[in-house]
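Chemist: Have a look at this one.
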Amino acid sequence: MFRMICPLSVHTLGFSRIARALRPRVGRYGGPCADLTVYSGLSSRRGGRRTLGFVMSGNDDRVGSEAHRPTSDGGCISNPDAICLNSSYTMEKSDERTEVVLLATGSFNPITVMHLRLFELARDHLHSTGNYKVVKGIISPVSDGYKKKGLVEGPHRLSMAQQATQTSDWIKVDPWECLKKDWTETVAVLRHHQQQLRDMTNEGNQDKKSGYKKGNKRKRENCQDHNCSESRAVPQVKLLCGADMLESLGTPNLWKPEHIVEIVSSFGLVCITRIGSDAQKFIYESDVLWKYRHNIHLVEEWITNDISSTKVRRALRRGMSVRYLLPDLVLDYIKNHDLYSEESEEKNSGLILEPLVRNTKDLQ
């Protein structure tokens with residue numbers, strides 16, 4: 001006598017096919033008194049898995065070696081000498097969503113809780129479509145070469161961003177752009193991180209193929225069981241921004257037209273809207289953005305706030321509290337290094353933003 005509970009995927013087999021497939025086993029082990037019970041388990045929309053269970057019972061002295069006394073009455077299951085075996089199997093549905101890495105560029109002068117919220121909102125939105133899986137978030141502070149008024153030194157902004165993301169398990173700070181002497185165009189930052197992902201993915205795929213060919217028998221069997229011989233697709237980098245950055249695409253000479261086309265066509269935008277902006281209208285009025293509107297995700301922030309780095313710096317200059325507008329570690333860093341004074345706000349005063357200078361020269 002034995003009892004076995006086993007989940008099967010209903011995506012693969014229907015009820016009748018499961019029953020037909022199991023009847024020979026029931027007859028083999030259970031004989032004439034064997035029975036089959038099929039039950040339906042819970043379904044998860046997110047997990048991509050729905051399970052069925054079946055119970056087989058019958059008489060066979062060869063099955064198992066430890067006696068258990070079932071509580072059921074009647075039939076073969078009530079046999080006091082019955083031996084029960086429990087076994088479970090799961091067939092996971094493969095995750096076919098496109099992997100995405102969210103990249104946010106900007107001054108982060110200083111980084112606020114709203115900057116971090118952008119990542120959370122964007123990830124929730126992309127996951128809700130069912131087409132994307134966000135695997136990483138990257139914060140890339142701009143270099144000092146941007147020459148924005150009031151921009152404190154890059155190492156300070158980089159350190160504050162690193163402090164702010166200490167508790168995140170998926171948002172990281174990348175220093176590549178910030179530590180450069182000259183300003184780097186946003187499209188070049190996107191290309192850099194996309195190439196890094198491409199190199200890492202290709203290297204991982206090569207390692208899988210090499211391990212499959214040169215590994216021992218057990219490794220090859222595991223590789224087949226988990227489909228690890230299949231090449232992994234390269235994650236897509238998407239530019240994460242607020243509505244103000246989206247609207248800046250219309251500022252003359254701030255962005256090169258060909259760069260705007262490349263950003264929205266090759267990478268894509270995830271834009272968090274804000275009160276007072278009409279992102280949909282802005283996209284409608286731009287021929288380029290309208291053409292690639294399918295690659296622009298607008299995310300509504302229902303729990304609205306109006307936190308900005310500019311307002312935080314103003315409050316700091318006036319000796320007002322900004323607690324709970326910034327992560328505590330960032331606030332401590334600002335106090336310890338005496339950042340954001342009237343003097344610091346005048347830094348780069350009278351200078352023109354580097355992108356305006358560079359793009360204007362290119363037009364001459």
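Chemist: Specify the inter-centroid distance of region 265-308 and region 108-124, based on alpha-carbon positions, in whole Å.
Modeler: Centre-to-centre distance over Cα atoms comes out at 16 Å.
Chemist: Label K133 and T310 with points 7 Å out from Cα along Cα→Cβ: what is the distance between them in nm?
Modeler: Modelled inter-label distance: 4.1 nm.
Chemist: Name the long-range amide H neighbours of L240: under 5 Å, sequence gap of 5 or more, or other chain; modelled H, no Pro or chain starts.
Modeler: Close amide H contacts, sequence-distant or interchain: L103, A104, T105, V270.
Chemist: Between T167 and L363, what FRET efficiency comes out of the Förster formula 1/(1 + (r/R0)^6) with R0 = 51 Å and r the beta carbon distance, rounded to 0.05?
Modeler: 0.70
Chemist: While we're on this one: Along its principal axes, what span do the Cα atoms of region 271-360 show, with the longest given first and each in whole Å?
Modeler: Here the Cα extents, ordered largest to smallest, are 48, 39, 21 Å.
Chemist: For a quick check of understanding: with a 1.4 angstrom probe and all protein chains in place, what accessible area in square angstrom does S308 have, to the nearest ten?
Modeler: Surface open to solvent at S308 totals about 40 Å².
Chemist: Distance cut-off 31 Å, Cα to Cα: go down the list K209/K238; K133/K361; K256/K335 and report the pairs above it.
Modeler: K133/K361; K256/K335
Chemist: Work out how much length R318 to Q206 would gain on full extension: take 0.36 nm times their residue separation and subtract the Cα-Cα distance, in nm to one decimal.
Modeler: That works out to 34.6 nm of additional length.
Chemist: Separate question: Extension gain K335-T98, at 0.36 nm per residue separation less the Cα-Cα distance, in nm?
Modeler: Length gained, K335 through T98: 81.1 nm.
The values are calculated or read from the model by the stated rules, or taken from the named source; none is laboratory data. All values reported here derive from a predicted model rather than from experimental measurement. All Cβ positions, glycine included, derive from the backbone under ideal geometry; neighbour counts span all protein chains shown. Remember, those area values only see protein heavy atoms, side chains included, never the ligands or the DNA or RNA. Shrake-Rupley method; radii C 1.70, N 1.55, O 1.52, S 1.80 Å.
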